[in-house]
1. Give me the pairs, please: first residue somewhere in the range 193-221 and without any contact (Cβ under 8 Å) to a residue 60 or more places away in the chain, second residue anywhere and part of a helix (DSSP H, G or I) and open to solvent by 90 Å² or more (accessible area, probe 1.4 Å), beta-carbon distance under 7 Å, and either six or more positions apart or on two chains.
2. Give me the pairs: first residue in the range 26-47 and within 17 Å of Gly9 (Cα to Cα), second residue among the β-branched types (Val, Ile, Thr) and loosely packed, with under 13 Cβ neighbours inside 10 Å, beta-carbon distance under 9 Å, and six or more apart or on different chains, which are they?
3. Are any of the residues in the range 273-285 open to solvent by 20 Å² or more (accessible area, probe 1.4 Å) and over 28 Å from the mean Cα position of the chain (by Cα)?
4. Among the residues of the range 183-198, is any under 20 Å from Leu250 (Cβ atoms), at pLDDT 85 or above and open to solvent by less than 30 Å² (accessible area, probe 1.4 Å)?
5. Can you report the number of residues in the range 225-259 which are open to solvent by 10 Å² or more (accessible area, probe 1.4 Å) and either part of a loop (DSSP other than H, G, I, E, B) or closer than 20 Å to Thr456 by Cα (or both)?
6. Give the residue that is nearest to Pro291 (Cα to Cα), with candidates limited to residues of the range 373-397 that are open to solvent by less than 20 Å² (accessible area, probe 1.4 Å) and not in a helix (DSSP H, G or I).
7. Under 8 Å between Cβ atoms, which residue pairs at least 6 apart in sequence (or on different chains) link something in the range 269-290 that is farther than 28 Å from Pro345 by Cβ with a partner that is of a type in the set (D, E, K, R)?
8. Return the residues of the range 305-322 that are acidic (Asp, Glu) and assigned to a strand (DSSP E or B); say none if nothing qualifies.
Amino acid sequence: MVHTCVVAGCRNRRTPGTTLSFYRFPRDPERKQRWIAAVNREGWVPNDGSRLCSTHFISGKQVKNPRSPDYVPSVFTAAPSSPEMKEPGALEILDKQEARVEAANALLFLQGQGRSTVEDQGRREQENNVEEESASSSISTDDDVDDDRSASDSKKGKFVQTSDVLVNFDSILRELKKENQALRESVEKMSLSETSLRNDAEKVKFYTGLPNYFVLETVMWLLAPHMDGMKNVKLSKFQQLLLMLMRLRLDLRNQDLAYRFGVKVGTVTRTVHRMVNIMSSTLVPTAVFWPSRAELRKNLPTALRASHPDCAVIIDCFTVPFEEPVPQGLRTTHNMLKYLIGVAPQGVVTFVSRGVVGNVSDKSLAEGCGLLCKLLPGDVVLASRDLDIGESVAARGALFRVAGAFPGEPNGRPEGSPAADVSTDTQSVQRHVERVISMVKQRYAMLTGPVESAFTTASERTSNLSTFDKIVQVACALNNLCISAAPLE
């Protein structure tokens, strides 16, 4: 059967010995419509016998890759459809073909197929009238090319070489693969993924506050079973934990985290609140607890063993301001939360009170937070300053001491005593008290405030703890998973 190209003005026909290929219109509706639009025949619809010759493709054949310029025919240099239109000259046709070749070269290069010599071949085709031999494409199907295509055409599998300059495509491909691998490694190193953190302890410490990836993996293993009910298609379990830890460690704003993880601000907000509740109910009871007297004495630092062998806890209070702006003249201590924290002599947090709003005294906070109920007769409570709770502690049969105080002077040195009289051991104990209290706040910047209004309300109806109370407890629990940052020599 003799086929004629359906393009207006194209006189190519299938005759014996021709090197041209004739293609059926695609079955894919979207691609077929693009072919019809390219043919540009008003009101025309192809039938089963309609064919398009290979001269209307840049490379001389159709390609099924949607990213290829030959996915849709684009070469139409036929004679004008009306007598009024002037016949284009040879130079004009050459310029148009060169422009198309340059565009095709750019597309092929971006697809990683190397630099092509199509431009040189296009010029020589116009000047020397050299036709390319058609080859059956490995990605073309029997439905696209007629079955009666000559066997000699399908076996050639190569183009006529029109240039003495040969392009080593294998070498170009190897270089592109090497460059691609280097880019992948660079992107992976800059990303916040499990792989990028696995072998980089400094990166883990900077973003999470935890000492290494093993501890981070342990926390993930502990929390993962409780995260199964969380429906979050955007973030994996690891990403949700990492987001929460970065919020605690660096005190990043929700918008910042949304940009870093490629999600919406609402997703970050919901993730933080859910992770706070999960970590508060799972991690805090495991990591923050009051040790027995035997355990305390067994691991008591040497300096305290000599001066305070019965030390049970080191306590202090700290405040966190609210986020709401207050005029300078009206700023008061009522715009903050106050907490009491208890730390074992070894540097492990053993007690955290609920946050109290306003100008509450240290004594009222200590007596109402439940700390005194944990003391045993004979225990010693240390502090870096006087909290005015000596009588309350004594009522439990325990003793309150201020580090650096003289014997018999629990609140400091007697008047007129020279500073040189303070023993080296006493100074060491005082420095240790100050270090263990500041340790948690330095590790997790979110505890320095200000407290966002969204965290000041009760996180659950059945709980009397605010979300920020839970955040403080979670920070203390994470601190206990780290190697003590305040060893007492």
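The values are calculated or read from the model by the stated rules, or taken from the named source; none is laboratory data. Quantities reported herein were computed from a predicted structural model and do not represent experimental measurements. Because the Cβ atoms are built from the backbone with ideal geometry, glycine has one as well, and the counts that use them run over all protein chains shown. Heads up: the accessible areas ignore ligands, DNA and RNA and are worked out on the full protein's heavy atoms, side chains in. Shrake-Rupley method; radii C 1.70, N 1.55, O 1.52, S 1.80 Å.
1. Ser196/Lys189; Tyr213/Arg198
2. Between residues of the range 26-47 that are within 17 Å of Gly9 (Cα to Cα) and residues that are among the β-branched types (Val, Ile, Thr) and loosely packed, with under 13 Cβ neighbours inside 10 Å, the close pairs are Ile36/Val45.
3. yes
4. Yes - at least one qualifying residue is present in the range 183-198.
5. Residues that pass the stated criteria total 15.
6. Ranking the qualifying residues of the range 373-397, first place goes to Leu375.
7. That search, which allows pairs on different chains as well, returns Val272/Arg247; Val276/Lys470; Asn277/Glu460; Asn277/Lys470.
8. Asp316
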